[in-house]
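> Before anything else, here's the structure in question.
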Amino acid sequence: MTKVKKSQKQHVELKPGDLRWECDPGTLKFKTTNDLKSCKEIIGQERALSALRMAFDIESLGYNVFVTGKVGTGRKTSVRRLIRESDRLKHIPDDKLYVNDFRNPDTPRLLRLPSSQGRAFKQEMEELIELLVKQIPEMFESDGYHESRKAVIDDVKKQQKTLLTDFENKVSGKGFALVQIQVGAVTRPVVVPLVDDKPANLDKLRALVKEGKMTEKKFQSLEKTHEKLSNDLEDVFKKLAVLEKETARRLKEMDHEFARPIVHSNIDEIRARHPQQKVAQYLDEVTESIMDQLNLFRQAQAAEKEQGVPLPRPGSADDPFLVYRVNLLVDNFKAKQAPVIYETSPTYSNLFGSVEFSSDGSGGSRTDFTRIKAGSLLKADGGFLLVEALDLLMEPGVWPAFKRILRNRRLEIQNYSPIYLLSVSGLKPEPIRIDVKVALVGDTHLYQLLFERDPEFKKIFKLRADFDSVMDLNAKSRLDYASFAKRIADSEHLLALENSAVARVLEYGVKLSGHRKKLSTQFNDIADIIREADYWARKTGRKHVTGADVDKAVLEKRDRSSLIETKIQEMIQDESLMIATSGSVVGQVNGLSVYNLGDTIFGKPSRITAQVAVGTEGIINIEREAELSGSLHDKGVLIISGYMRARFAHDKPLAVTASLCFEQSYGGVDGDSASSTEIYALMSALSGIPISQAVAVTGSVNQKGEIQPIGGVNEKIEGFFDVCRARKLTGEQGVIIPHQNASDLMLRQDVVEAVRKGEFHIWPIRNVDEGMEILMGVPAGSRGPIGTYPEGTINFQVNQRLQEFAESGRHYSSSDQ
């Protein structure tokens with residue numbers, strides 16, 4: 001193998017000032033946050049706020065809003081703030097009531113009354129029943145009523161007596177008499193002939209004929225007369241029945257005549273206070289029903305007086321006046337604005353309402369219109385409803401019904417019935433027209449899933465308010481951060497923050513953002529650090545929160561969640577996880593991985609190795625063969641194949657079988673941030689040039705060998721630094737990163753200090769060749785006009801090795817033939 005030459009090229013290293021943005025407390029024009037005004041504005045979300053304002057201002061169908069963004073970016077707070085500014089709040093919606101439909105009790109009728117009138121109407125109806133229960137029986141007990149009733153009854157009795165007297169005279173004139181006989185449990189008059197002035201039935205008369213004491217002719221005459229008189233008696237009975245019915249009719253009319261002024265006068269008072277057409281129609285039906293049920297009121301009063309039984313509670317199952325009660329479904333009594341509802345548990349019944357049931361005492365169940373309950377969607381009518389999208393989608397049956405209601409602006413209160421043929425309610429309440437602004441809160445993935453998979457979604461959620469997780473770092477945003485700290489301190493009675501503390505909070509915000517020119521807008525995390533810094537300041541007896549307190553809070557926060565990180569560090573130290581930080585090895589390189597455990601993110605090195613041999617299988621991804629590789633990692637390995645072909649397969653086939661492996665990796669591997677690292681391992685294995693183990697690498701690559709940016713660069717650098725520091729820094733250790741990630745650096749102070757002392761290095765690179773030169777200390781070499789590389793360079797060594805593989809491959813192929 002040709003002897004390689006050492007590279008004399010000096011590669012650019014990042015300076016300490018490039019590794020971290022630091023805020024000079026002197027640039028903040030205040031001593032403590034007591035000198036500032038509390039922040040009342042929403043910070044850094046202008047785009048999202050604009051979408052929210054549009055959604056809340058446009059009244060057309062479908063202009064609801066889906067709010068996306070990371071947790072802690074102020075999504076719900078912003079929605080509530082914009083709702084408070086909306087003109088929609090100025091219009092207080094109607095009260096909604098369900099009442100009995102007397103013509104069809106299974107379809108309760110909806111009444112809408114101006115705000116606060118619903119409660120008054122319900123109270124007035126209850127007072128109406130209380131008055132009628134008292135006044136109607138009093139009317140029935142009055143002297144005037146009794147006299148009128150007696151006159152009617154006496155008149156009827158007189159007619160009955162006249163009718164019976166006339167018939168009796170007629171019967172006696174024919175030689176017959178009326179006698180009472182027992183028929184079952186009752187007696188009734190019948191016509192019988194008189195023999196010797198004594199009643200005798202027809203059988204006795206036949207016997208007399210047989211005995212010769214009566215002629216057949218006389219018997220037949222009596223029989224014929226008897227038949228006629230019996231028919232006349234039936235006619236009398238019919239006339240008496242007609243008189244009975246007429247009496248009942250006249251008594252009922254008299255009852256109505258006496259009750260009408262009482263009922264009408266009371267109901268007319270209610271009618272005058274509620275002139276709505278549907279109310280008038282309902283009161284007409286109430287009047288008609290009460291007039292038909294006067295005895296109900298008389299009996300209720302009698303039971304209370306004679307038996308001491310109080311009237312049942314209004315609306316209870318045994319309430320005899322249940323049909324006259326009012327179900328106040330939505331009560332806006334004393335409301336000062338339109339409703340704003342945040343539904344935290346969007347079950348079917350909580351969201352859309354329900355029809356409740358009670359036991360009927362015989363093992364069954366019963367319900368009525370007073371048991372219809374409103375859900376949050378109806379309660380929010382005329383105002384706003386805020387719901388977590390994921391919670392809503394997880395509830396059975398909710399999403400299809402929710403879409404239907406928003407699309408039609410019409411709500412039908414029914415219980416959820418997953419089995420179509422299983423009826424859960426015999427009631428079908430009148431549908432309710434609703435007008436509500438809905439804000440669904442969720443993440444971007446959920447929004448995209450609904451947008452792509454549900455055609456109706458984009459019709460009912462026409463606007464998206466997307467909350468950014470970062471904002472620009474400038475003088476205004478720094479002051480906004482300080483004002484936010486002031487608001488948290490004031491609202492939660494925390495210690496004021498000194499300018500040094502605010503400076504550290506700003507640095508923490510930059511760290512969270514992942515970019516040196518940005519600030520995080522995940523204000524829940526920022527607020528937590530302020531609260532915890534206050535805790536440490538109080539522990540030390542300070543009057544204000546200082547920069548040291550913020551540093552302590554950040555350190556403690558990291559330590560609380562660092563158990564897994566510490567365990568991995570211990571495994572590296574005792575070499576259970578094999579990671580080298582010194583020396584040089586062929587075909588072996590330190591890659592960098594990021595562990596995201598939810599409450600903490602940290603980086604650690606991973607050993608990546610490559611082995612090569614003559615063959616035709618190309619690059620074998622061991623992780624993929626073991627089904628431990630994700631699609632992005634698979635793509636990265638394929639890109640490496642393209643890179644190798646573009647660089648070395650112009651004049652020969654790549655007769656190579658190479659294997660790439662993440663050593664001691666027993667979980668899944670995904671992402672392409674190690675693709676450049678795998679190239680270095682492969683190039684080292686092919687060239688035979690060892691790689692420095694003091695250097696770790698991160699960065700993805702394209703087929704042209706250009707290095708591309710990756711995520712988690714700060715965590716990766718700090719993770720390798722911790723390993724090196726635990727084994728003692730030698731001054732040779734460092735990390736290679738994509739040059740694009742240089743602006744993302746916001747490293748810990750201890751890392752910056754090590755770089756300042758020359759104990760640790762960070763190299764930003766643009767292509768694979770730069771990385772190889774740093775790792776192997778040998779020039780990469782550029783291809784000349786005739787397609788060759790300079791001797792002694794890495795690419796020359798690789799090309800030469802591949803040439804040998806190609807020749808060996810041809811030799812074995814010809815031998816086989």
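> Whether any residue in segment 697-707 is of a type in the set (Ser, Thr, Tyr), without any contact (Cβ under 8 Å) to a residue 60 or more places away in the chain and surrounded by 24 or more Cβ atoms within 10 Å (Cβ to Cβ) is what I want to check.
no
> Could you give me the residue pairs with C-beta distances under 8 Å whose first residue belongs to segment 202-230 and is without any contact (Cβ under 8 Å) to a residue 24 or more places away in the chain and in a helix (DSSP H, G or I), whose second residue is surrounded by 12 or more Cβ atoms within 10 Å (Cβ to Cβ) and of a type in the set (Val, Ile, Thr) wherever it lies, and which are 6+ apart or on separate chains?
These pairs meet every condition: LYS204/VAL195; LEU205/VAL195; LEU208/VAL195; GLU216/VAL209; PHE219/VAL209.
> Check LYS239, LYS158 and return the single one that is open to solvent by 80 Å² or more (accessible area, probe 1.4 Å), touching a residue at least 40 places away in the same chain (Cβ under 8 Å) and either under 30 Å from LEU251 (Cα atoms) or assigned to a strand (DSSP E or B) (or both).
Of the residues listed, the single one that is open to solvent by 80 Å² or more (accessible area, probe 1.4 Å), touching a residue at least 40 places away in the same chain (Cβ under 8 Å) and either under 30 Å from LEU251 (Cα atoms) or assigned to a strand (DSSP E or B) (or both) is LYS239.
> Give just the number: which of (1) small (Gly, Ala, Ser); (2) open to solvent by less than 30 Å² (accessible area, probe 1.4 Å); (3) farther than 23 Å from GLN740 by Cβ does ALA780 not satisfy?
(3)
> For ALA248, indicate whether it is within 30 Å of GLU138 (Cβ to Cβ), part of a helix (DSSP H, G or I), open to solvent by 50 Å² or more (accessible area, probe 1.4 Å) and of a type in the set (A, V, I, L, M).
yes
> Among the residues of segment 264-284, count how many are open to solvent by less than 10 Å² (accessible area, probe 1.4 Å) and assigned to a helix (DSSP H, G or I).
Counting residues in segment 264-284 that are open to solvent by less than 10 Å² (accessible area, probe 1.4 Å) and assigned to a helix (DSSP H, G or I) gives 5.
> Let me ask something else. Just to be sure before I move on: is ASP672 under 51 Å from the mean Cα position of the chain (by Cα), assigned to a helix (DSSP H, G or I) and of a type in the set (Asp, Glu) in the structure I sent?
no
> Could you count how many residues in segment 709-744 are of a type in the set (A, V, I, L, M) and touching a His at 6+ places or on another chain (Cβ under 8 Å)?
Total satisfying the criteria: 1.
> Now a separate question. Would you be able to tell me the number of residues in segment 620-642 that are open to solvent by 40 Å² or more (accessible area, probe 1.4 Å), under 40 Å from the mean Cα position of the chain (by Cα), touching a residue at least 24 places away in the same chain (Cβ under 8 Å) and more than 22 Å from GLU706 (Cβ to Cβ)?
Count: 1.
> Restricting to segment 729-763, what's the tally of residues that are open to solvent by 50 Å² or more (accessible area, probe 1.4 Å) and in contact with a strand residue (DSSP E or B) (Cβ under 9 Å, 6 or more places away or on another chain)?
Matching residues across segment 729-763 total 3.
> Restricting to segment 38-61, what's the tally of residues that are of a type in the set (S, T, N, Q) and either touching a His at 6+ places or on another chain (Cβ under 8 Å) or under 22 Å from VAL470 (Cβ atoms) (or both)?
Looking only at that region, the number is 2.
> Now, a different point. If you go through segment 434-484, how many residues are assigned to a helix (DSSP H, G or I) and touching a Leu at 6+ places or on another chain (Cβ under 9 Å)?
Residues in segment 434-484 being assigned to a helix (DSSP H, G or I) and touching a Leu at 6+ places or on another chain (Cβ under 9 Å): 14 in total.
> Criterion first (closer than 18 Å to ILE290 by Cβ, open to solvent by 60 Å² or more (accessible area, probe 1.4 Å), without any contact (Cβ under 8 Å) to a residue 40 or more places away in the chain and assigned to a helix (DSSP H, G or I)) does GLU147 satisfy it?
no
> Return the residue satisfying two criteria in turn: it lies in segment 537-573 and is part of a loop (DSSP other than H, G, I, E, B) and either modelled with pLDDT of 90 or more or in contact with a strand residue (DSSP E or B) (Cβ under 8 Å, 6 or more places away or on another chain) (or both), and of such residues it is most open to solvent (accessible area, probe 1.4 Å).
Looking at the filtered set, the residue picked out is LYS543.
Yes/no matrix, rows are residues, columns are (1) within 22 Å of GLY547 (Cβ to Cβ); (2) open to solvent by 70 Å² or more (accessible area, probe 1.4 Å):
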residue: ASN415; (1), (2): no, no
residue: PRO431; (1), (2): no, no
residue: ARG453; (1), (2): no, yes
residue: GLU456; (1), (2): no, no
residue: ALA465; (1), (2): no, no
residue: LEU479; (1), (2): yes, yes
residue: LYS486; (1), (2): yes, no
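> Let me ask something else about it. What do you reckon, is SER576 of a type in the set (Ser, Thr, Tyr), surrounded by fewer than 17 Cβ atoms within 10 Å (Cβ to Cβ), in a loop (DSSP other than H, G, I, E, B) and modelled with pLDDT of 90 or more?
It is false that SER576 is of a type in the set (Ser, Thr, Tyr), surrounded by fewer than 17 Cβ atoms within 10 Å (Cβ to Cβ), in a loop (DSSP other than H, G, I, E, B) and modelled with pLDDT of 90 or more.
> If a residue must be open to solvent by 10 Å² or more (accessible area, probe 1.4 Å) and assigned to a strand (DSSP E or B), how many such residues does segment 643-661 contain?
4
> LEU632 is checked against (1) outside any helix (DSSP H, G or I); (2) more than 30 Å from GLN800 (Cβ to Cβ) and fails just one. What number does that condition carry?
(1)
> Just the residues that are at pLDDT below 90, in a helix (DSSP H, G or I) and polar (S, T, N, Q), please, taken from segment 286-321.
Matches in segment 286-321: ASN295, GLN299, GLN301.
> What residue, among those in segment 501-532 that are part of a helix (DSSP H, G or I) and β-branched (Val, Ile, Thr), is nearest to the chain's Cα centre (by Cα)?
For segment 501-532, the residue satisfying everything is ILE526.
> In segment 525-534, is there at least one residue being modelled with pLDDT of 95 or more, touching a strand residue (DSSP E or B) at 6+ places or on another chain (Cβ under 8 Å) and not aliphatic (A, V, I, L, M)?
Yes, because at least one residue in segment 525-534 is modelled with pLDDT of 95 or more, touching a strand residue (DSSP E or B) at 6+ places or on another chain (Cβ under 8 Å) and not aliphatic (A, V, I, L, M).
> Which one of these is in contact with a Leu (Cβ under 6 Å, 6 or more places away or on another chain) and at negative phi: LEU802, LEU747, LEU729, LEU775?
On inspection, the qualifying residue turns out to be LEU747.
> With respect to the numbered conditions (1) within 25 Å of GLN797 (Cα to Cα); (2) of a type in the set (Asp, Glu); (3) open to solvent by less than 40 Å² (accessible area, probe 1.4 Å), which one is the sole condition not fulfilled by GLU617?
In the conditions (1) within 25 Å of GLN797 (Cα to Cα); (2) of a type in the set (Asp, Glu); (3) open to solvent by less than 40 Å² (accessible area, probe 1.4 Å), GLU617 misses (3) alone.
> Right, another one. Return the residues of segment 473-489 that are over 32 Å from the mean Cα position of the chain (by Cα) and over 13 Å from ASP35 (Cβ atoms); say none if nothing qualifies.
Matches in segment 473-489: LEU473, ASN474, ALA475, LYS476, SER477, ARG478.
> Checking GLN664 against (1) farther than 19 Å from ILE736 by Cβ; (2) crowded, with 24+ Cβ neighbours inside 10 Å; (3) not small (Gly, Ala, Ser), only one condition comes out false. Which one?
It fails just one condition, (2).
The values are calculated or read from the model by the stated rules, or taken from the named source; none is laboratory data. Because the structure is predicted, anything quoted here is derived from the model rather than measured. Positions of Cβ are backbone-derived with ideal geometry, glycine not excepted, and every protein chain shown enters the neighbour counts. Only protein heavy atoms, including side chains, enter the accessible area calculation; ligands, DNA and RNA are left aside. Shrake-Rupley method; radii C 1.70, N 1.55, O 1.52, S 1.80 Å.
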